[in-house]
Amino acid sequence: MKEQNGGLDPSGVLVINKHAGVTSHDIVNKVRRLYGTRRVGHTGTLDPMATGVLVVLVGRAAKAAEYLVSDQKRYRAVMRLGITTDSEDITGNILSETKELPSTEQVLASCEGFVGNISQVPPMYSALKVQGQKLVDLARKGITVERQAREVTIFSLVCTPTESASDYILDVECSSGTYIRTLCADIGKTLGCGAVMASLERTETGGFCIDQSYTLEALQNMDNAALQSLLIPIESLFALLPRVKLPAFYERLFRSGCEIYQKKIGTTLAENTRVRVCREDGSFFALGEVREYEEGSVIKSIKLFELE
């Protein structure tokens with residue numbers, strides 16, 4: 001079915017530089033209007049106070065969200081020492097304050113201790129659900145529930161002092177599911193003075209970085225042709241997966257739902273491997289997965305992104 005925008009059917013990945021004060025869903029609604037399609041989603045929600053990379057999926061790309069693997073993310077945050085709040089960021093209700101701050105050397109040493117696999121208790125002010133209810137909704141009602149600690153990975157953490165004795169810039173590369181506000185609060189707890197997240201910018205996620213992004217204001221000043229040119233091919237979402245090219249005969253079988261035996265196409269991928277499935281000319285059209293049968297190893301379709 002054709003969409004609006006002069007009969008075009010927009011499809012692809014749009015990298016937005018989200019501004020503060022709006023939700024990720026607000027951005028999605030704006031993109032729907034710009035591209036004239038209801039089929040718009042996003043990956044990796046950003047809080048209203050956060051800025052930076054928001055990956056928006058337009059048209060057929062929206063079907064990809066459930067198949068995306070966990071990815072590494074990079075953030076740039078300001079950690080403010082000497083204060084704690086109920087939300088673990090600067091917007092929350094103040095719980096404690098102190099002017100007794102640790103030395104720069106103590107702060108840097110504390111940050112070094114958070115590199116690697118660490119345990120985090122998700123904050124109450126988060127979109128995580130407990131028994132079908134978002135924690136943030138419960139928190140706004142003054143309800144606190146017990147949360148289970150989860151293991152996350154901090155791949156790198158660079159802490160840089162600023163002109164303010166209380167503020168430090170954190171450049172964090174971490175696993176999906178890491179809460180930067182909780183990281184700040186935990187560092188502050190270790191130092192004994194408390195800390196909150198004063199600002200947050202996501203600079204990279206899923207292989208997309210801030211240099212590739214466009215502000216909503218810039219998009220709103222573009223014509224339709226320019227908007228269409230910004231859409232990145234769906235295949236970019238799966239760039240880390242191995243690529244399998246199917247000759248025309250096997251492509252037709254694959255599209256009709258048939259499993260393709262690896263021995264027929266000369267591949268030897270391990271069981272459960274996700275793959276990008278391409279035509280003979282290398283153009284992407286589907287996701288597949290390796291399964292093991294008694295008769296041998298096959299590649300089975302799990303999602304078609306382009307119909308014939």
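The values are calculated or read from the model by the stated rules, or taken from the named source; none is laboratory data. This is a predicted model, so every value here is computed, not measured. For neighbour counting, all protein chains shown are included, and Cβ atoms are generated from backbone atoms with ideal geometry for every residue, glycine included. Only protein heavy atoms, including side chains, enter the accessible area calculation; ligands, DNA and RNA are left aside. Shrake-Rupley method; radii C 1.70, N 1.55, O 1.52, S 1.80 Å.
General remarks:
- Calculated FRET value between E295 and F155, using beta carbons and R₀ = 30 Å, to 0.05: 0.10
- For segment 25-74, the carbon plus sulfur part of the accessible surface works out to 47%, probe radius 1.4 Å.
- Choice from T144, T182, T85 with maximal GNM fluctuation in the chain (Cα, 10 Å cutoff): T144
- Normalised per residue, the accessible area of the chain is 51 Å², obtained with a 1.4 Å probe and no contribution from ligands, DNA or RNA.
- Close amide H contacts of R39 (hydrogens built in the peptide plane, cut-off under 5 Å, sequence separation of 5 or more or a different chain): G59.
- Cysteines having no other Cys beta carbon under 4.7 Å from their own, within the chain: C174, C184, C193, C209, C258, C278
- R274 versus S119: modelled label distance in nm, points set 7 Å from Cα along the beta carbon direction: 2.9
- Extension gain (nm, one decimal) between D281 and I169, 0.36 nm per residue minus Cα-Cα: 35.6 nm
- Segment 1-131: relative contact order as a whole-number percent, Cα under 8 Å and 6+ apart: 19
- Extending 7 Å from the Cα toward the beta-carbon at both M222 and A239 defines two label points whose distance is 1.7 nm.
- Nearest-ten-degree value, helix 24-35 long axis tilted from longest Cα axis of the chain: 40
- In this simple spin-label approximation, S229 and N93 carry label points 7 Å from Cα along the Cα→Cβ vector, and these lie 5.2 nm apart.
- Rounded to the nearest whole angstrom, the semi-axes of the ellipsoid equivalent to segment 180-308, taken from the Cα gyration tensor as √(5λ), stand at 41, 25, 10, largest first.
- Residues whose placed amide H lies under 5 Å from that of D9, excluding near-sequence neighbours: E3
- Highest-MSF residue in the chain out of K264, K63, K73 [GNM, Cα springs under 10 Å]: K264
- Of the solvent-accessible surface of segment 114-159, computed with a 1.4 Å probe and all protein chains present, 48% belongs to carbon and sulfur.
- Pairs of Cα atoms farther than 25 Å apart, the chain, %: 58
- Segment 199-308, accessible surface, carbon-and-sulfur percent (1.4 angstrom probe): 50
- Comparing R140, R276, R33 in a Gaussian network model of the chain where C-alpha atoms under 10 Å apart are linked, the largest mean-square fluctuation is found at R140.
- Placing unit charges on each Cβ (+1 for Lys and Arg, -1 for Asp and Glu) gives segment 169-239 a dipole about its Cα centre, and among L230, C193, T182 the Cα reaching farthest toward its positive end belongs to C193.
- Normalised by the number of residues in segment 211-308, the mean separation of alpha-carbon contacts (under 8 Å, six or more apart) gives a relative contact order of 24 percent.
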